[in-house]
Amino acid sequence: MRVIIADDHPIVRRGVHDILTESFPKLDVIEVDTAGALFARLKDPFDLVLLDLSLPDRNGLDCLGQIKKQHPALPVLILSMHAEEHFAVRALKSGASGYLTKDKAAEELVRAVKRIMGGGRYVSSELAEHLAAELTGEAPKAPHEMLSDREFRVLRLIGAGRSVSEIAQELYLSVKTVSTYRTRLLTKMQMKTNADLTRYCIQNHLVE
């Protein structure tokens, strides 16, 4: 089996690499540190992608969408520093086969890989409870959970201090379109200024 790890932190990559090769001796593990390097390597066949959400050259959710578009059968396990309640549901709905936070034990990573390579999906017990509550309507949704993927991306970029022109350049959109998204965000989240949006992102750990 061939696995590719996409993460910009060398220590994280090495740690994940060592855990996997110790648990799966015949596993071939490739490491990359950017989205560009990831897609260059995906021209070759792989059995699993371990994807960080915070790559330096591209948003991880955008990468996930492109992977599933180009390789719909290729399973993707998200490895993230972000808490499950903020990104996991959005990632799973976008096609991820599992979501694992980086503070989990090595055994949990091995369990997740086994589950996914066996054709299943991996979610933690805490996330499973959250998903069940969401399906039954018992869990109240945070304002950012009501946003589309594009709106959510713009929200995080505003929260990170990017200007409208910078966001437009990064997302390959016009300044006018980004301004429209900003107005829509303020309306949906019942806020008035960029400072309000930034404060919300920080308080809810949506930005690093």
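Before moving on, here are some points about what is shown:
- Estimated from helices alone, the mean residue ellipticity of the chain at 222 nm is -15500 deg cm²/dmol (sum of -39500 (n - 2.57) over DSSP H runs with n ≥ 4, per residue).
- Of (i) 18.0; (ii) 19.1; (iii) 20.6, the label for Kirkwood radius over Cα pairs in Å derived from the coordinates: (i)
- Largest mean-square fluctuation among Glu170, Glu126, Glu151, in a Gaussian network model of the chain whose springs join Cα atoms under 10 Å apart, belongs to Glu126.
- Straight-line reach from Lys141: taking Cα to Cα under 23 Å and skipping same-chain neighbours fewer than 8 places apart, the lysines in range are Lys93, Lys188, Lys192.
- Taking other C-beta atoms within 10 Å as the exposure proxy, Arg156, Arg14, Arg41 rank Arg14, Arg41, Arg156 from fewest upward.
- Residue with peak Gaussian network fluctuation, the chain [Cα springs, cutoff 10 Å], from Ile78, Ile158, Ile11: Ile11
- A simple rule links phi to the HN-Hα coupling: the Karplus curve 6.51 cos²θ - 1.76 cosθ + 1.60 with θ = phi - 60°, which for segment 55-71 gives 7, x, 10, 6, 5, x, 5, 5, 4, 4, x, 5, 4, 5, 6, 7, 9 Hz, with x for Gly and Pro.
- Summary of packing: across the peptides 69-75, 97-103, the per-residue average of other C-beta atoms within 10 Å ranks them, highest first, as 97-103, 69-75.
- For segment 18-34, 3J(HN,Hα) per residue [Karplus equation, 6.51 cos²θ - 1.76 cosθ + 1.60, θ = phi - 60°, Hz, x = Gly/Pro]: 5, 4, 5, 6, 6, 8, 10, x, 9, 7, 9, 10, 10, 10, 9, 10, 9
- Most positive-pole-ward Cα, Gln70, Ala168, Ile202, against dipole of the chain from beta carbon charges: Ala168
We did not get these values from a lab; they are worked out from the coordinates using the rules stated. Quick caveat, the model's predicted, so the values are computed rather than measured. Cβ: placed from backbone, ideal geometry, glycine included. Neighbour counts: every protein chain shown.
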